[in-house]
Every structure is written in C-alpha cells, then in structure tokens.
Amino acid sequence: MLSNAINSLLTFPDTRVDLLIKLLDQNKGKLSKRKWQKDFDELSDKEISVIEKYYAEIFEKHQTKSD
C-alpha cells in the first residue's frame, strides 16, 4: 500500500522503496535528515513531506482497523 503510494510519486527500484519504508518505520514515520542526505538526497522537501504524509495516513488507517 505505502509502496504503491511512493511509486505513484517517484520512480525508484523496489529495493530503494523498501529501504525508504524501513527508515520511516524506524523513525515513527519521519525520514531523518541524516538518512535523507545519505540515501535520498535527490528528493525535495516537498517529496519527503508527501511521503511522510502517505505513511501517516496509511499507518493511521491500519491502527484504526486494529482497534
């Protein structure tokens, strides 16, 4: 679900999308500045914000279904 949302915004290989999702998971839905600069420096502020928003929306829906 999140990978589909990211792929609709960016053209990344699956391994990079998986890494991005893993990093978001590790940092509660936010991409740390260090990881952003190290692994995803080609992404703009706006792209990161949109991806973090997608993550929050999907995670929130998942939490609601679990409750």
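Coordinate-derived values only; no laboratory data. As the structure is a prediction and not an experimental result, all values here were calculated from the model. With ideal geometry, Cβ positions are generated from the backbone for all residues, glycine too; neighbour counts draw on all protein chains shown.
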Query raised in the report: When Kirkwood radius over Cα pairs in Å is calculated directly from the model, which label among (i) 13.5; (ii) 12.1; (iii) 14.7 fits?
Result: (ii)
**Report entry** Under Karplus coefficients 6.51, -1.76 and 1.60, residue-wise ³J(HN,Hα) of the range 27-34 in Hz, glycine/proline x
**Finding:** 10, 6, x, 10, 8, 5, 4, 5
Query - Radius 12 Å from Cβ of GLU47, net charge of other residues (Lys, Arg +1; Asp, Glu -1) - result: -2
Requested in this report: Scan the chain for trypsin sites (Lys or Arg not before Pro) in coil per DSSP, keeping those whose Cβ has at most 16 other Cβ atoms within 10 Å, and list them by number.
Outcome: LYS28, LYS30
Report task. Please determine, in degrees from 0 to 90 and to the nearest 10, the orientation of helix 45-66 with respect to the longest principal axis defined by the Cα atoms of the chain, where the helix direction is its Cα long axis. Result -> 20 degrees
Query - Charge sum, other residues only, whose C-beta stays under 13 Å from THR11's C-beta, Lys/Arg counted +1 and Asp/Glu -1 - result: -2
